[in-house]
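The values are calculated or read from the model by the stated rules, or taken from the named source; none is laboratory data. Note that the structure is predicted; figures quoted are calculated from it, not measured. Positions of Cβ are generated from backbone atoms using ideal geometry, with glycine treated the same way; all protein chains shown enter the neighbour counts. Please note that ligands, DNA and RNA were not included when accessible areas were found on the heavy atoms of the full protein model with its side chains. Shrake-Rupley method; radii C 1.70, N 1.55, O 1.52, S 1.80 Å.
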Amino acid sequence: MSYDFWLLPAEHCQPAAAARAFALAQDEADEPATSIASSLAADISAVNADLTEEQGFLSVTPLSGTGAAVFVPSPWRRIQDARDVMVPRAFAADYGMYDPQLDIVLSPRSSVAGRFSTSREGTFPTITPDLIDHFVGAMKVDDFVVVETSDEVYIQTTRVDIKAFAIEHRAGSADQHFGTEVVAAPEVVGMMKAWLASGDVAITDQHSWTKTAL
């Protein structure tokens with residue numbers, strides 16, 4: 001069984017329900033690939049072709065487009081590799097990626113450069129508000145989420161118990177690393193989105209932050 005990724009034109013990638021409906025319509029119509037879908041499929045297939053069978057991240061190769069969509073099956077053990085290869089190439093073609101297993105979309109039109117890391121689903125080579133909504137909202141005790149825009153510049157959270165989230169933000173060095181605690185996931189989501197939009201200044205007045213000893 002494979003893990004599926006669906007690559008779609010960015011204009012059809014928001015919200016997730018619209019992305020899913022568009023992809024299913026493309027699959028049902030079963031029309032020849034558009035030039036962009038065909039080129040994107042060939043580009044991803046070429047990367048995979050240079051890898052050994054064990055390293056390969058495609059379950060079926062070469063890929064082909066279906067209308068404006070590219071459906072990409074990946075072995076479960078290679079989900080991370082597939083994501084890391086596909087997302088930047090899709091974005092460069094003004095395509096987004098819909099993950100039907102998680103029901104989330106990564107779109108170049110709502111993304112911020114950086115890396116989004118999770119305790120359960122690995123990392124994503126971009127940051128979007130939808131990722132923050134999805135993963136923070138689903139956190140269980142001991143789960144973590146890290147939003148990193150550059151080396152040593154990030155905001156992260158860990159769910160320490162059923163009623164508490166530890167939050168830390170760092171601005172490049174240990175003397176600029178601070179932490180606080182909040183009680184509800186929506187508050188964490190709001191703080192992360194504010195930080196992503198405006199940096200530390202957007203969140204420093206909201207809580208009592210203390211320098212974190214590392």
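Overview of results
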| item | result |
| --- | --- |
| Accessible surface, 1.4 Å probe, highest first, among residues VAL105, VAL201 | VAL201, VAL105 |
| Convex hull (Cα only) mean projected area of segment 76-181, reported in nm² to one decimal | 7.2 nm² |
| Under the span-like rule (Cα at least 18 Å along the axis, Kyte-Doolittle mean at least -1.0), DSSP H helices of the chain | 16-29, 35-49, 79-92, 185-198 |
| Long-range HN-HN contacts of GLY96 with modeled amide H, under 5 Å | LEU8, ALA10 |
| Heavy-atom accessible area order for MET1, MET192, largest first, 1.4 Å probe | MET1, MET192 |
| Computed P(r) (all Cα pairs; segment 30-75; 10 Å bins; percent) | 32, 49, 18, 1 |
| Values of log10 I(q)/I(0), in the order q = 0.14 Å⁻¹, for the chain under a Debye, Cα-only, solvent-free model | -0.85 |
| Sites ALA213 and LEU102 - FRET efficiency at Förster radius 45 Å, r taken between beta-carbons, to 0.05 | 0.80 |
| Whole-Å distance, taken between Cα centres, linking segment 143-214 and segment 80-142 | 19 Å |
| Calculated from backbone phi, Karplus (6.51, -1.76, 1.60) coupling profile of segment 2-8 in Hz, x at Gly/Pro | 9, 9, 9, 10, 10, 9, 9 |
| ASP175/SER119 FRET efficiency (R0 25 Å; Cβ-Cβ; nearest 0.05) | 0.40 |
| Helix-only mean residue ellipticity at 222 nm for the chain, each DSSP H run of n ≥ 4 adding -39500 (n - 2.57), per residue, nearest 500 | -10000 deg cm²/dmol |
| FRET efficiency estimate (nearest 0.05) - Cβ-Cβ, ALA18 to THR149, R0 25 angstrom | 0.35 |
| Inter-site label distance for VAL112 and THR61 at 7 Å from Cα along Cβ, in nm | 3.6 nm |
| Label point 7 Å beyond Cα of ALA138 along Cβ direction - residues of segment 1-40 with amide nitrogen under 15 Å | 3-5, 16-17 |
